[in-house]
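The values are calculated or read from the model by the stated rules, or taken from the named source; none is laboratory data. What you see is a predicted model, and the numbers here were worked out from it, not measured in a lab. All Cβ positions, glycine included, derive from the backbone under ideal geometry; neighbour counts span all protein chains shown.
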Amino acid sequence: MTEARDHVVPRRLIEKPAGGARLRNLGQYLFLAPALVFMLLTMVYPVLSNLRMSVYDVNVATFLSNSAPFVGLDNYVKVVSDPAFQNAFRLSVYFTIGSLVFQFTIGFALALLFNRSFPGNGLLRALMLLGWMLPTVVSASIFRWMFDGGNGIINFLFESLGLLDAPRHWLIEPNTALIGTIVANIWVGIPFNMILLLPGLQSIPDSLYEAASIDGATPWQSFRRVTLPLMRPVALSVLLLGFIYTFKVFDIVYVMTRGGPVNATTVLPIYVYQLAFNFFRFGDGAAAAVLLLLPLSIVAVGYLWLSQHEESSS
Amino acid sequence: MNASRSNRRPGWGWTVLSTIIVIGYLFPVYWMAATSLKTNAAVYASPPQIVPWPPIFKAYVDAVINNPLALRSILNSAIVGTGTMLLTLVLASPAAYALARLNLRGATLFMLLLLITQLLPAIIIATPLFVLFSRIELVNSYPALILADTTFTLPFAVIVLRPFFLTVPTELEAAAKIDGCNQFSAFWRVILPLVQPGLITVAVFAFLMGWGEFLFAITLTTNETIQPATAALNKFIGQYGTQWNNLMALSTTVALPIIIVFASLQRYIVGGLTAGSVKQ
């Protein structure tokens, strides 16, 4: 550690942009190099390899030997015209919208609650995060049990409240299975929304609320006229981020239903997984993965544009 | 009016309301633990037994202790989680430092790379990695899982750590260099100890993410002796679908390390979460 001492000491006097910076920069790049190499290997290479795979007929016979024939956009045509893909895309949209609406609304309400100062605030807020920290496989197995048709607590609850006459097999009936997975995903997502919205609320100066109350505003009015408009940029970025995280959800749904019954919960990531790992149609799977990435990219560009826009306007 | 009033006197009413909400919210976690302590008869009791009294540990004996594959999978998860944690720290700390401190051309490009990674669905990485690892015979190995998991912990770690490095005064580095440190030893001896809270946050998150990761766990392992606990739990659901007390016993066992880490290092987690997701 100390052997380089002698030749480094004089250079500390050189200001950053000045000459002699090239050698110094080389040292600086060494800090970044390991992470960069790693990302090239485990992120950039797989994504490019996925793109390449999507235009080759990679299947169980050809995938190890590297001898798959080039098929152009055939895989994409095949996937897009597959009714199962269209179904998966539709389910993903339902799943994402259903999850986001409730996660966001409940998360916002909780953020408003925890934005107040009261004894135990910090502890209670931290406890809420547990739902988000649990491995999703664990949460999914809990909800699988709670939605069970035989002895699930949700059937018991609904029957005692008089909302159900007979027990339902929530995750086995095609028209309720998706709802079950959405409920579980909402549960996981609430703390995430809450914790991201809270700093936004905290950044609204108290003086604005005081001014509003001096002007005779009711709490509801100051929420409508002060909180909501000022929260708009934060809320929008939380929603866009939420879209990205929800549209690619795999674990919860897969563990709860395996995509069934009869494709009733085969959201897009599960469809991609099945193509590749159940049917070994790696080429088609890769094409489907690119199509899954498409809406995510569009939203991400929107998100970046938004944060850029915010920075320049503030 | 509301805001100023609540600032002046503690609102116990809000404490009560929040406590009720948090208890309601965490009911599923309680229900998992409660079910894991029941006999078969108690699981199927109607109306359901809300408090499992007396608690029976038979489900843990059957599903975990007398289940070598489950025990093995928990060990596997500990190895994968720890490996992911170490690799993440080794890669992310110097990178975050470089991005925070040094005038680097291409730094923005690298940040963009990290953001793109956060956008990617794991499945788009899983298939090519499976093909690659099959070719170099790395499927069914700890390194395969650790490498794959670190793909997603690394961007998060760099994004969390960068602001920590930004808060370290540059004078300290200058002083370290006057004292004879080069850039690497200054980083190692002076800077890193100062960002320790950030390192703990990253370590905790990387471990938790490695421990709970699922998609790579089921795609990059086919061998039961190497599968992580999440994959074992998933398989268990398929095999013992309706033995709910056993399933919940295994679920609780998989969740327990998370709950312990969470309880003991909570302040690092809460801070890291907001830093990592909001700031860029």
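Laid out as a table, the results:
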{"read-out": "Among residues of the stretch A:228-259, those that are closer than 28 Å to A:Val183 by Cβ, touching a helix residue (DSSP H, G or I) at 6+ places or on another chain (Cβ under 7 Å) and not hydrophobic (A, V, I, L, M, F, W, C), counted", "value": "8"}
{"read-out": "Answer residue from the stretch B:143-171, given it is charged (D, E, K, R) and surrounded by 16 or more Cβ atoms within 10 Å (Cβ to Cβ) and is nearest to the other protein chains (Cβ to nearest Cβ) among those", "value": "B:Asp149"}
{"read-out": "Positions within the stretch B:242-254 being more than 14 Å from B:Tyr44 (Cβ to Cβ) and either polar (S, T, N, Q) or more than 7 Å from chain A (Cβ to nearest Cβ) (or both), in sequence order", "value": "B:Ala249, B:Leu250, B:Ser251, B:Thr252, B:Thr253"}
{"read-out": "Subset of the stretch B:37-66 (residues that are within 13 Å of chain A (Cβ to nearest Cβ) and either in contact with a strand residue (DSSP E or B) (Cβ under 6 Å, 6 or more places away or on another chain) or among the aliphatic types (A, V, I, L, M) (or both))", "value": "B:Ala41, B:Ala42, B:Val43, B:Ala45, B:Ile50, B:Ala59, B:Ala63"}
{"read-out": "Within the stretch A:138-175, tally of residues that are touching a Leu at 6+ places or on another chain (Cβ under 7 Å) and in contact (Cβ under 8 Å) with a residue 24 or more places away in the chain", "value": "3"}
{"read-out": "Within the stretch B:34-61, tally of residues that are within 27 Å of the chain's Cα centre (by Cα) and part of a helix (DSSP H, G or I)", "value": "6"}
{"read-out": "Boolean, A:Ala68 is at pLDDT below 95 and exposed (fewer than 14 other Cβ atoms within 10 Å of the Cβ)", "value": "no"}
{"read-out": "Residue that is nearest to B:Ile79 (Cα to Cα), among those in the stretch B:127-142 that are touching a residue at least 12 places away in the same chain (Cβ under 8 Å) and facing another protein chain (nearest Cβ under 7 Å)", "value": "B:Leu129"}
{"read-out": "Selection from the stretch B:134-182 of residues that are at positive phi and of a type in the set (D, E, K, R)", "value": "B:Glu137"}
{"read-out": "Helices (runs of 4 or more DSSP H) lying entirely in the stretch A:1-64 (those with 3 or more residues that are modelled with pLDDT of 70 or more, within 36 Å of the chain's Cα centre (by Cα) and within 7 Å of another protein chain (Cβ to nearest Cβ))", "value": "A:21-39, A:45-53"}
{"read-out": "Number of the condition not met by A:Leu198 [criteria: (1) without any contact (Cβ under 8 Å) to a residue 24 or more places away in the chain; (2) buried (at least 21 other Cβ atoms within 10 Å of the Cβ); (3) over 30 Å from B:Ile125 (Cβ atoms)]", "value": "(1)"}
{"read-out": "Residues that are in a loop (DSSP other than H, G, I, E, B) and more than 29 Å from A:Leu268 (Cα to Cα), drawn from the stretch A:155-178", "value": "A:Leu161, A:Gly162, A:Leu163, A:Leu164, A:Asp165, A:Ala166, A:Pro167"}
{"read-out": "Pairs, first within 7 Å of another protein chain (Cβ to nearest Cβ) in the stretch B:172-190, second in a loop (DSSP other than H, G, I, E, B), C-beta under 6 Å, six or more apart", "value": "B:Asn182/A:Ala4; B:Ser185/A:Met1"}
{"read-out": "Segments classed as helices (runs of 4 or more DSSP H), wholly inside the stretch A:227-305, with at least 2 members that are more than 27 Å from A:Leu134 (Cβ to Cβ)", "value": "A:228-247"}
{"read-out": "Odd one out for B:Ile124, checked against (1) more than 8 Å from every other protein chain (Cβ to nearest Cβ); (2) buried (at least 17 other Cβ atoms within 10 Å of the Cβ)", "value": "(1)"}
{"read-out": "Qualifying positions in the stretch B:128-142 - crowded, with 20+ Cβ neighbours inside 10 Å and within 18 Å of A:Leu40 (Cβ to Cβ)", "value": "B:Pro128, B:Leu129, B:Val131, B:Phe133"}
{"read-out": "Output for the stretch A:276-306, where each listed residue is farther than 12 Å from A:Ser54 by Cβ and touching a Lys or Arg at 6+ places or on another chain (Cβ under 8 Å)", "value": "A:Leu296"}
{"read-out": "Unmet criterion (only one of (1) surrounded by fewer than 20 Cβ atoms within 10 Å (Cβ to Cβ); (2) over 22 Å from the mean Cα position of the chain (by Cα); (3) among the aliphatic types (A, V, I, L, M); (4) not assigned by TED's automatic domain parsing to the domain that holds B:Thr253) for B:Leu26", "value": "(2)"}
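Residues are listed down the side, and each one gets a yes or a no for (1) touching a His at 6+ places or on another chain (Cβ under 7 Å); (2) in contact (Cβ under 8 Å) with a residue 12 or more places away in the chain; (3) in a helix (DSSP H, G or I); (4) more than 9 Å from chain A (Cβ to nearest Cβ):
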{"residue": "B:Leu89", "(1), (2), (3), (4)": "no, yes, yes, yes"}
{"residue": "B:Ala92", "(1), (2), (3), (4)": "no, yes, yes, no"}
{"residue": "B:Ala95", "(1), (2), (3), (4)": "no, yes, yes, no"}
{"residue": "B:Asn103", "(1), (2), (3), (4)": "no, no, no, no"}
{"residue": "B:Leu114", "(1), (2), (3), (4)": "no, yes, yes, no"}
{"residue": "B:Thr117", "(1), (2), (3), (4)": "no, yes, yes, no"}
